[in-house]
1. Looking at the calculated P(r) for region 35-167, what percent of the C-alpha pair distances fall above 20 Å?
2. With +1 on the Cβ of every Lys and Arg and -1 on the Cβ of every Asp and Glu, and nothing else charged, how large is the dipole of region 25-167 about its Cα centre, in debye rounded to the nearest 20?
3. Debye calculation, C-alpha points only, no solvent: report log10 I(q)/I(0) for region 21-95 at q = 0.13, 0.14, 0.17, 0.24 Å⁻¹, in the same order as the q values.
4. Can you order the peptides 77-90, 25-38 by their average number of other Cβ atoms within 10 Å per residue, highest first?
5. Can you find, among I44, F54, A85, the residue farthest towards the positive end of the dipole of region 25-85? Put +1 on the C-beta of Lys and Arg, -1 on that of Asp and Glu.
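Computed from the coordinates by the stated procedures, all read-outs in this text should not be read as laboratory data. Owing to the predicted nature of the structure, the values given are computational and were not obtained by experimental measurement. Positions of Cβ are backbone-derived with ideal geometry, glycine not excepted, and every protein chain shown enters the neighbour counts.
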Amino acid sequence: MKRVILTGLTLLLFFSFISSAAASSYQEVTLSDGDVVEVSVTTINNGHQYEIRFPSGNTYFWKDQGHIGTGGGSSELTTKEREQANEALNLYKQQHNATGRNSTSLTGSIAGVILIMVGLMGTISPRVIWYLQIGWKLNKAEPSDLALLFNRIGGIVLCIVGVSLLF
């Protein structure tokens, strides 16, 4: 039983951390000066990666992951194109109500909720977790204080991991 639960939790964690990057198509964005650039967005783990293509062939990218953003582009990218890239990125986010974070990751949300529920059970009632792990195999046995402590600590850790998966 313990192996089945651990395997299930491991698979949930594995799938929640896999990047859900998919082939993305480019959409045209018209800038304030009338120029048109193409913007593509790819969903990555805990965020998005944006790519802006200019008519000159130069590209600029911006990656939002969690609370961190990084960017860069072609070596031939001009100062004007960098400014246009920032404008295009802001316009695209406004048009698509994007916050720069991947807040709709269903797999991460499900795994997070499950981990929080199991963690709360371990924190609030470590005897139940002990019984599910080993107590059902033993006749009239009681858990040690150390086993209950470890189940409580494990529950707290699972809650923290679950909350981090939600955000």
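1. Here the long-distance tail beyond 20 Å is 60 percent of all Cα pairs in region 35-167.
2. 1000
3. Listed by q, the Debye log ratios stand at -0.34, -0.40, -0.59, -1.15.
4. The most tightly packed comes first, giving 77-90, 25-38.
5. Result: I44, furthest along the dipole toward the positive end.
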